[in-house]
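Notes to accompany the following structure.
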Amino acid sequence: MVPGPAGSAGSPGSAGSPADEAERVTRAILDDLRSGRHRGVIVDSPPGAGKSTLVVRAAAVLAASGAPLMIVAQTNEQVDDLVARLAARLAEELPAARIGRLGRAGYVPPARLADLPNVVTASDVGGLGEPEVTISTAAKWAYVREGTWPWAIVDEAYQMRSDTLLAIAARFERALFVGDPGQLDPFSTVTNDRWHGLVWNPMQSAVAVLQRNNPDLPVHRLPVSWRLPRTAQSVVADAFYPFTGFRTGTDLGDRGLVLPRRGEGPLDEILDVAAETGWGLLELPPRHTMRTDAEAVAAVADLTRRVLQRGTIARSDGAETTITPDRIAVGAAHRDQVVAIRAALGDLAAPDGGPPADGSPATGQIVVDTANRLQGREYEVTVVLHPLSGRRDATAFHLEAGRLCVLASRHRQACLVVARAGIRELLDAHPSSEPVHLGEPVRFPDGWAANQAVLAHLASSRVRIQGSGS
């Protein structure tokens, strides 16, 4: 990781309030943008640090300068969210400014965008007119062959592949790259062994290639996570952000779970532990199982239901709110595990894993999905089926630090992990042995070490379900 400019990064021990520290870094980022000294500015962020808020604020600043701006996001849901948030901000600050939402052929704007007076939609750039801000996915921008913009903002830049950046680089002169280096790497359905060590490896993240070829670009780091509770600060920072760290915007006692109804048994015991510590590990007897471990799936479903049955309340900033199904997420590593958990939850589970893609109101059901699709979302409580539970081996897929980071950092109140005993022994039997490729950047953090760090922390919040193993 390339060090940021002096004073651009914060740490848990930094002086000043979290809000003051975050504002100081944000102003330094905007100053770099306005100065025009660099062709690019990179912003690293921990989970829940306000990446989208920064993107919207920077877009408003650049739009106010009179220079047309393009914004690149990775999914249509991210694009629509940015359009809605930016439209509200520009309506107050620049009432005459327009936003162009560039979509696929036949694109129909979701309900939340359809009636916004400062948003125009089209399937080609020419059909948008000349809006101050044009927003679309990276995949759509790759098909734009005409026009250049003085500025671009790339959201979730660590999840963009380097070949995608190459495809759109001719469209802008300067850019702000915002992303979370601890999350999942760019995804591909094909193996990429043939490209290891090559400078043009398309599976590297856009930011990795950008830094390799432009080592002088400034790197700022957002210092505060506004999502995670203080109970998550040390474990998430130590396991996934060991060289930069971050602090949370809340202190111990500012958030927590309130359980108004008493209960007995391991499910209630683990909820009591989570209410006190912010974490819980429900440990099943050791056993090698199929990927869709029926006992583990049932435990995940039962524990998730128990959160609702006990009338669990989320306490935040002095206010108390009863947790509803749509404020709970269940995460797993594989799609077949997700399908099994949804079936076990029945009508409580949202059939597609979350709110409808057209932006209509949430279903009021529990979100159950993979880490890839939960990335970027936020919930009061998460229930996680550990990627290594019941496995005989520890593959690169299951050890990927980004996957565990996503699963362990979606919550505002507590994270509950369900796993079979024996993961520590599994890790000890499968030490990190990824081959080292010449010319390939060294991966940090190491997935094996990250898993060990998280398990060490969860050991103090563990409740065992007794049974016979095999």
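What follows draws every value from the coordinates through simple rules; no lab data is involved. Computed from a predicted structure; not experimentally measured. Glycine gets a Cβ as well: all are built from the backbone with ideal geometry, and neighbour counts include every protein chain shown.
Residues whose amide H falls under 5 Å from that of residue 153, counting only those 5 or more places apart or on a different chain, are 70, 71, 72, 176, with hydrogens built in the peptide plane.
In order along the stretch 100-112, the Karplus-derived 3J(HN,Hα) couplings, from 6.51 cos²θ - 1.76 cosθ + 1.60 at θ = phi - 60°, round to x, 9, 8, x, 6, 4, x, 4, 10, x, x, 4, 6 Hz, and Gly and Pro are given as x. Here the residues 282, 30, ranked from fewest to most Cβ neighbours within 10 Å of their Cβ, fall in the order 30, 282. For the stretch 249-357, the C-alpha radius of gyration divided by 2.2 N^0.38 Å, with N the number of residues, is 1.16.
Fully extending the segment from residue 258 to residue 24, taken as 0.36 nm per residue of separation minus the present Cα-Cα distance, adds 80.8 nm. For residue 383, the residues 5 or more places off, or on other chains, whose built amide H falls under 5 Å of its own are 329, 330, 331, 416. Cα centroid separation, the stretch 365-438 to the stretch 270-349: 14 Å.
Taking amide H as placed 1.01 Å from N in the peptide plane, residue 172 has its amide H under 5 Å from the amide H of 149, each at least 5 places away in sequence or on another chain.
Each peptide among 383-391, 78-86, 333-341 gets the average number of other Cβ atoms lying within 10 Å of its residues, and from highest to lowest they stand as 383-391, 78-86, 333-341.
When you count the other C-beta atoms within 10 angstrom of each residue and take the mean per peptide, 111-120, 239-248, 132-141 line up highest first as 132-141, 239-248, 111-120.
For residue 115 and residue 234, what does the FRET efficiency come to when R0 = 41 Å and r is the distance between their Cβ atoms, rounded to the nearest 0.05? Taking R0 as 41 Å, the efficiency between residue 115 and residue 234 is 0.35. Extension gain for residue 65 to residue 243 (0.36 nm times residue separation, less C-alpha to C-alpha distance): 60.5 nm. Annotation: for a label point projected 7 angstrom from Cα along Cα→Cβ of residue 289, residues of the stretch 300-343 with backbone N closer than 13 Å are 300-303, 333, 337-338, 340-341. In a fully extended conformation the segment linking residue 322 and residue 214 would gain 34.0 nm over its present Cα-Cα distance, using 0.36 nm per residue.
Stokes-Einstein diffusion for the stretch 230-464, with the hydrodynamic radius set to the Kirkwood value over Cα pairs and evaluated at 4 °C in a medium of 1.567 mPa s, equals 72 µm²/s. A Förster radius of 45 Å, combined with the Cβ-Cβ distance separating residue 269 from residue 145, puts the computed FRET efficiency at roughly 0.15.
One compactness figure for the chain is 0.98, namely its Cα radius of gyration divided by 2.2 N^0.38 Å.
Compute the label zone of residue 170 within the stretch 137-159: residues whose backbone N is under 17 Å from the point 7 Å along Cα-to-Cβ. Correct set: 139-150. Between residue 108 and residue 31, the distance separating the two model label sites (each 7 Å from Cα on the Cα→Cβ line) works out to 5.0 nm.
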